[in-house]
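Presented below is the structure to which this report refers.
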Amino acid sequence: MKGKRFKCLGMALCCMAAVFPLHGCGAASDKIEIEIVQYKPEAANYFTTVEEEFNATHNDIHLTISSPNDAMTILKTRFIREDYPDIIGIGGDINYSYFVDAEILTDVSDYEGLKEINQGYLDIAEALELVPTEGTYIVPYVANAAGILYNRDMFAEHGWQIPETWDELIRLCEQIKGEGILPFYFGFKDTWTCLAPWNAMAVELSPSDTTKQVNRGEATFAAQYKELAEKYLGLLPYGPEDPFAYGYNDACTAFARGESAMYPIGSYATPQILSVNPDLNIDSFVMPASDDKDGRTLNSGIDLGFCVMAECENKEAAYEVLDFLLEYENMQKYIDAQNAVPCKNGDFQLASMLDGMLPFIEAGNMTDYQDHYYPSEMSVDALLQTFLLEKDVDSFLSKFDTNWQRYNRDIIRLVQEYEQANK
């Protein structure tokens, strides 16, 4: 059953021919061996420290943490070989959805640490399941948030107010532009950056389950995304004359040097920005895409979570490792190093550039990134870049619907079979 569903959803696994060493679960010598493979190489130093500190304080468990480049390719290749680590550290995106459906993750509903996780992120994880699946399969660790970064000193100097509605945002952009300052910087030469404003606006303009409605045959993207697409085009006049001439690093550098008042991107960009100008006083606010203040929500998703593999032979030891990772001191070190948002409730010290988003985080008022439901094969980032270049809303939406049917055939069939069986 597992193998059949894994093949059904594709996952591009059969295309991977690389050979990686076998590790496996289980015990070596008199210690239980626990292996983690996590997908964030930028956090490798943190996880090296965690591994060393854990092994220095535990006599019965030996922990190995790998943080390879292109970890997802390595993991999928190992899964083909049925060579599973004990725990994987991944993001809450379509790959997680595939892994749940493939039944290679174990249900961690009995893990006590889940009681300390912000319910908003547990809800996000549940929503990522292709079809409702009993159990919990990820322990959310840290999140990121997307909206608008802004130059706090520049706003204070000019007396600009933080907008809470779309109309207020456009009036602010006109005011900033009228004072001879560029409102936004974009880095659309790198296609993936086109997703940042799209996701941040989508949480207010499109239902959080838009992709599931389409999979069930109850909606179309042409209908659900029309206002979103039109308003996205409305941002372009407030950016550089040619937003496609600049990449992500260019945009971060320009914003760091005060060449724009705002930058619509996620919190993950702040380390890059501060590497250019460590003294820049950054804050952030939720992207106001509608005129309904009461409907505002933060675009935030699981940036890193830990899943115990179904083949792990030492679940109790794996839970002990998770306990260590979730200790306050360890989480705070990660938050400090990566400017991350904790998925665990607690009195954590967050970076000051998240001040404007903090009320939404504390209230659990967040909605996941729409692109976490998009298959990578569909290349929605490139589709968005082409749309922003051509500015043809109807053509873009028509192609979105057509490509969705092409790249999601297996998932659509799975969803509709589930719906038929559970009428």
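The values are calculated or read from the model by the stated rules, or taken from the named source; none is laboratory data. This one's a predicted model, so the numbers in the text were calculated from it and none came from an experiment. Here Cβ is always computed from backbone atoms with ideal geometry, including for glycine, and neighbour counts include all displayed protein chains.
Annotations for the structure displayed:
- Contact map, region 285-298: first residue surrounded by fewer than 24 Cβ atoms within 10 Å (Cβ to Cβ), second residue in a strand (DSSP E or B) and not acidic (Asp, Glu), Cβ cut-off under 8 Å, separation 6 or more or different chains; pairs are 285/148; 285/150; 297/366; 297/367.
- Count of residues meeting criterion [among the aromatic types (Phe, Trp, Tyr) and either touching a Ser or Thr at 6+ places or on another chain (Cβ under 8 Å) or in a loop (DSSP other than H, G, I, E, B) (or both)] in region 155-168: 2
- Only one entry of 226, 177 meets the criterion of being closer than 28 Å to residue 158 by Cβ and modelled with pLDDT of 95 or more, and that entry is 177.
- Restricting attention to region 123-154, the residues that are of a type outside the set (S, T, N, Q) and either in a strand (DSSP E or B) or more than 24 Å from residue 265 (Cα to Cα) (or both) total 19.
- Residue satisfying all of: in region 270-285; in contact with a Leu (Cβ under 7 Å, 6 or more places away or on another chain), outside any loop (DSSP other than H, G, I, E, B) and of a type in the set (A, V, I, L, M, F, W, C); nearest to residue 163 (Cα to Cα) among these: 282
- Helices (runs of 4 or more DSSP H) contained entirely in region 301-375, each with at least 1 residues that are touching a Leu at 6+ places or on another chain (Cβ under 8 Å) and under 23 Å from residue 64 (Cα atoms): 315-325, 328-338
- Checking 392, 410, 368 one by one, the residue that is of a type in the set (D, E, K, R) and touching a strand residue (DSSP E or B) at 6+ places or on another chain (Cβ under 8 Å) is 368 and no other.
- One residue from 196, 156 being modelled with pLDDT of 95 or more and within 14 Å of the chain's Cα centre (by Cα): 196
- Filtering region 11-58 to residues that are over 28 Å from the mean Cα position of the chain (by Cα), of a type in the set (A, V, I, L, M) and at pLDDT 95 or above leaves 32, 56.
- Leading residue by the ranking (surrounded by the most Cβ atoms within 10 Å (Cβ to Cβ)) among those in region 315-338 that are modelled with pLDDT under 95 and of a type outside the set (A, V, I, L, M, F, W, C): 338
- Residue in region 183-192 that is assigned to a strand (DSSP E or B), within 28 Å of residue 233 (Cα to Cα), of a type outside the set (D, E, K, R) and touching a Gly at 6+ places or on another chain (Cβ under 8 Å) present: yes
- Restricting 223, 229 to residues that are among the small types (Gly, Ala, Ser), farther than 22 Å from residue 354 by Cβ and without any contact (Cβ under 8 Å) to a residue 12 or more places away in the chain narrows the list to 223.
- Hits in region 162-194 - residues which are of a type in the set (Val, Ile, Thr), buried (at least 21 other Cβ atoms within 10 Å of the Cβ) and within 16 Å of residue 265 (Cα to Cα): 193
- Identity of the residue in region 131-145, modelled with pLDDT of 95 or more, crowded, with 16+ Cβ neighbours inside 10 Å and in contact with a Ser or Thr (Cβ under 8 Å, 6 or more places away or on another chain), that ends up nearest to residue 343 (Cα to Cα): 143
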